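Everything below concerns the one structure shown next.
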Amino acid sequence: NIAPGVWYGEVRKKNPPIFYHVIKVDLSSDKVEIRPIRPREDETLGQVSGRLDSENLPLLGAITGDYFHYIREYKLVIPWGILVEEGKLLFSPSGKSAFCGAARGVFHISVPAMKARVWNRPDSPGVSITAVNRSIKSRESECGIYNSTWGAFAPEISEGFVVTVTGDPDFRLDRTIKGTVTGISRLPVKAMIPENGFIMIMKKLPSPDQLELKLGSPVMVNIEVSSSPEIAIGGGPRILREGKVSIEMNRENFGSGRAFYIKNSRHPRSAVGIGPEAKILFLVVVEGRSEKSRGMDMKELSRLLLSLGATEAMAFDGGRSVSMYVAGEVVVKGDRQMADALGVFQIKR
């Protein structure tokens, strides 16, 4: 027991050699809070935990979160899936599983879907938004929006338009985002993202009866994500559904080559599981690629979560990224940066 409603344990097995770690959380406790952690540039989980401790935030435990890719020219780590913090959408969903939580502390695993549009007249259809802080291919039907989460400058695309909007800087899910057009430029151009606003990228400017864009035009953005999460952190695939092993890689579009490697090879693993009636949370890390622990394939990981008591579960990133922090100590140390992490915080009243 490391705090009211939070426990930690480790298990070593000799034949075959397996070493895994579990943080168990009583979700009915009013002494704990579960939420994602977004690292600063190049931070490992150990560095994040040290920073949070220095800021006097009572972090009890955390594990590595989503898979990611690194955009070198922007020095930006982009998670594969959704990331929502305190009702603010940082990265839009991508068809993969996510651990989601509502404001009242009810958690579930689902594949979130997004519906978003930008508009400025109630009698006009506006333009659909297809990406939030994600790269787009600048097809005619695509519109991406970017705020300071992306960085200082907009993505550089060979053709299209960038529209600068000054106003609300956060992409909130609980209200309309409002702003005013303060710049319109033809791509390619190095467009700065305003700290007090955002930018839109589209291949061609819409007709005025669809969306009027000129200097001084008001702009409204509405973003809806299924189940309206207060927090969400992506990963995947789902590995347990309704108390049964269900490894849903094809449903989540992992791709055949990547899916075979992720599913069938033994690697260090991390995962999150939810117990019956969403009353218990399990954060699990399996060490691997060493003499003391060979790691697990996805089916073995699924069975482990099931044996612990989870009925719903999904995987997080594996391999070199896998890390776990518990009560002031990094018990499993990854050797590279990460996109995000899932943390357990103590509430002091």
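The values are calculated or read from the model by the stated rules, or taken from the named source; none is laboratory data. None of these values were measured; they are calculated from a predicted model. Counting neighbours? That spans all protein chains shown, and the Cβs are built from the backbone with ideal geometry, glycine included. SASA here: full protein model, heavy atoms, side chains in, ligands and nucleic acids out. Shrake-Rupley method; radii C 1.70, N 1.55, O 1.52, S 1.80 Å.
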Note to self: If Ile262 meets every condition in (1) in a helix (DSSP H, G or I); (2) open to solvent by less than 60 Å² (accessible area, probe 1.4 Å); (3) in contact (Cβ under 8 Å) with a residue 60 or more places away in the chain apart from one, which number is that one?
What the structure shows: (3)
Notebook entry, point to check: Which of the residues spanning the stretch 188-212 are touching a strand residue (DSSP E or B) at 6+ places or on another chain (Cβ under 6 Å) and open to solvent by less than 60 Å² (accessible area, probe 1.4 Å)?
Noted result: Ala191, Ile193, Pro194, Gly197, Phe198, Ile199, Met200, Ile201, Met202, Pro206, Leu211
Notebook entry, point to check: Which of the strands (runs of 3 or more DSSP E) contained wholly in the stretch 62-119 include at least 3 residues that are closer than 22 Å to Ile239 by Cβ, open to solvent by less than 10 Å² (accessible area, probe 1.4 Å) and touching a residue at least 24 places away in the same chain (Cβ under 8 Å)?
Noted result: 98-101
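Take the residues of the stretch 121-132 that are surrounded by fewer than 18 Cβ atoms within 10 Å (Cβ to Cβ) and in contact with a strand residue (DSSP E or B) (Cβ under 8 Å, 6 or more places away or on another chain): which is nearest to Pro169 (Cα to Cα)? Before the answer, list the steps.
Restricting attention to the stretch 121-132, the residues satisfying the condition of being surrounded by fewer than 18 Cβ atoms within 10 Å (Cβ to Cβ) are 121-125, 128.
So of that shortlist, the ones also in contact with a strand residue (DSSP E or B) (Cβ under 8 Å, 6 or more places away or on another chain) come out as 125, 128.
Working: Pro125: 23, Ser128: 19 Å.
The qualifying residue nearest to Pro169 (Cα to Cα) is Ser128.
Hey, does the stretch 283-301 have a residue that's part of a helix (DSSP H, G or I) and either touching a residue at least 60 places away in the same chain (Cβ under 8 Å) or at positive phi (or both)? Before you say what the answer is, go through the steps one by one.
Within the stretch 283-301, the first condition is being part of a helix (DSSP H, G or I), and the residues that meet it are 298-301.
In the following step, the residues that additionally are either touching a residue at least 60 places away in the same chain (Cβ under 8 Å) or at positive phi (or both) were identified as 298, 301.
There is at least one residue in the stretch 283-301 that is part of a helix (DSSP H, G or I) and either touching a residue at least 60 places away in the same chain (Cβ under 8 Å) or at positive phi (or both).
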Margin query: Quick check on the stretch 120-143: of everything there that is in contact with a Phe, Trp or Tyr (Cβ under 8 Å, 6 or more places away or on another chain), in a loop (DSSP other than H, G, I, E, B) and closer than 21 Å to Val77 by Cα, which residue is modelled with the lowest pLDDT?
Written below: Arg134
Next item on the list: Any residue in the stretch 215-233 that's of a type outside the set (D, E, K, R): show its pairings with residues that are open to solvent by 50 Å² or more (accessible area, probe 1.4 Å) and not in a strand (DSSP E or B) at Cβ separation under 7 Å, as long as the two are six or more apart or on different chains.
Entry: Ser226/Ala113
Notebook entry, point to check: Is the stretch 53-61 home to any residue that is open to solvent by 10 Å² or more (accessible area, probe 1.4 Å), among the charged types (D, E, K, R), under 22 Å from Glu287 (Cα atoms) and free of Cβ contacts under 8 Å to residues at least 60 places away in the same chain?
Noted result: no
Check: Cβ-Cβ below 8 Å, separation at least six or inter-chain, first residue in the stretch 184-200 and of a type in the set (Asp, Glu), second assigned to a loop (DSSP other than H, G, I, E, B): which pairs?
Finding: Glu195/Ser148; Glu195/Pro169
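Looking at Ile233, Ile184, can you tell me which residue is surrounded by 17 or more Cβ atoms within 10 Å (Cβ to Cβ) and either within 27 Å of the chain's Cα centre (by Cα) or modelled with pLDDT of 95 or more (or both)? Please lay out each step first, then the result.
Details: Ile184 fails: surrounded by 17 or more Cβ atoms within 10 Å (Cβ to Cβ).
It is Ile233.
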Note to self: Quick check on my filter: what residues within the stretch 133-159 are open to solvent by 30 Å² or more (accessible area, probe 1.4 Å), of a type outside the set (D, E, K, R) and farther than 24 Å from Glu85 by Cα?
What the structure shows: Ser141, Ser158
Check: Checking Ser290 against (1) small (Gly, Ala, Ser); (2) out of contact with any strand residue (DSSP E or B) (no Cβ under 8 Å at 6 or more places or on another chain); (3) within 13 Å of Ser246 (Cα to Cα), which test does it fail?
Finding: (3)
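Quick one: how many residues across the stretch 196-221 are part of a loop (DSSP other than H, G, I, E, B), under 25 Å from Asp174 (Cβ atoms) and of a type in the set (Gly, Ala, Ser)? So that I can check it myself, show each step before the final result.
Start the filter on the stretch 196-221 by keeping residues that are part of a loop (DSSP other than H, G, I, E, B), which leaves 196, 203-217.
Filter once more, so that each one left must be under 25 Å from Asp174 (Cβ atoms): 196, 211, 217.
Adding the requirement that they be of a type in the set (Gly, Ala, Ser) leaves 217.
Residues meeting the conditions: 1.
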Margin query: Any residue that is at pLDDT 95 or above, surrounded by fewer than 17 Cβ atoms within 10 Å (Cβ to Cβ) and closer than 26 Å to Lys75 by Cβ - is there at least one of those in the stretch 160-167?
Written below: yes
Next item on the list: Consider only pairs whose beta carbons are under 8 Å apart and that are at least six residues apart or on different chains; among these, list those whose first residue lies in the stretch 334-349 and is touching a residue at least 24 places away in the same chain (Cβ under 8 Å) and farther than 25 Å from Arg72 by Cα and whose second residue is among the aliphatic types (A, V, I, L, M) and surrounded by fewer than 17 Cβ atoms within 10 Å (Cβ to Cβ).
Entry: Phe345/Leu57
